[in-house]
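Taking it in order: structure first as structure tokens, then the write-up.
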Amino acid sequence: MPRGDKSKYTDKQKRQAQHIEEGYEQRGVPEEEAERRAWATVNKTSGGGRKSGSGRGKPTNKGPTRKGGRLGGAASAARPAAARSASAKKAAATRASRAK
């Protein structure tokens, strides 16, 4: 099996990688780098592609997911309270107008 072959991954792992990749691309990461990071995250979380056989399963490691969530708020925390409040009010108004 050549390197980079994704046939041993489950559909769920493939979906996870796709969602993670999309998130990186939205933040401006180049496409190839986003794909590499996404699969690295899936591998770190689930231990790589799932293999068949009884008793081979291992619990998922949610550390990489938590790390991303914690780091995500750093930029917001550096902004003044008034700016954060204004953004929150604007987002709430947008949600309210879409709900109508």
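Brief remarks follow.
- Hits in the range 1-25 - residues which are part of a helix (DSSP H, G or I) and over 13 Å from ALA40 (Cβ atoms): ASP11, LYS12, LYS14, ARG15, GLN18, HIS19, GLU22, GLY23, GLU25
- Look at the range 50-77: where a residue is at negative phi and of a type outside the set (Ser, Thr, Tyr) and a partner is loosely packed, with under 11 Cβ neighbours inside 10 Å and modelled with pLDDT of 65 or more, sitting 6+ places away or on another chain with Cβ atoms under 8 Å, you get ARG50/ARG56.
A quick yes/no check of all residues on (1) modelled with pLDDT of 90 or more; (2) polar (S, T, N, Q); (3) at negative phi:
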position: PRO2; (1), (2), (3): no, no, yes
position: ARG15; (1), (2), (3): yes, no, yes
position: GLN18; (1), (2), (3): yes, yes, yes
position: GLY28; (1), (2), (3): yes, no, no
position: TRP39; (1), (2), (3): yes, no, yes
position: GLY48; (1), (2), (3): no, no, no
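- Criterion violated by THR65 - all others in (1) loosely packed, with under 10 Cβ neighbours inside 10 Å; (2) modelled with pLDDT under 85; (3) in contact with a helix residue (DSSP H, G or I) (Cβ under 9 Å, 6 or more places away or on another chain) satisfied: (1)
- Contact map, the range 17-32: first residue in contact (Cβ under 8 Å) with a residue 24 or more places away in the chain, second residue surrounded by 11 or more Cβ atoms within 10 Å (Cβ to Cβ), Cβ cut-off under 8 Å, separation 6 or more or different chains; pairs are ALA17/TYR9; ALA17/GLU35; ALA17/ALA38; ALA17/TRP39; ALA17/THR41; ALA17/VAL42.
The values are calculated or read from the model by the stated rules, or taken from the named source; none is laboratory data. None of the values given here were measured: they were computed from a predicted structure. No Cβ is skipped: glycine too gets one built from the backbone with ideal geometry, and neighbour counts run over all protein chains shown.
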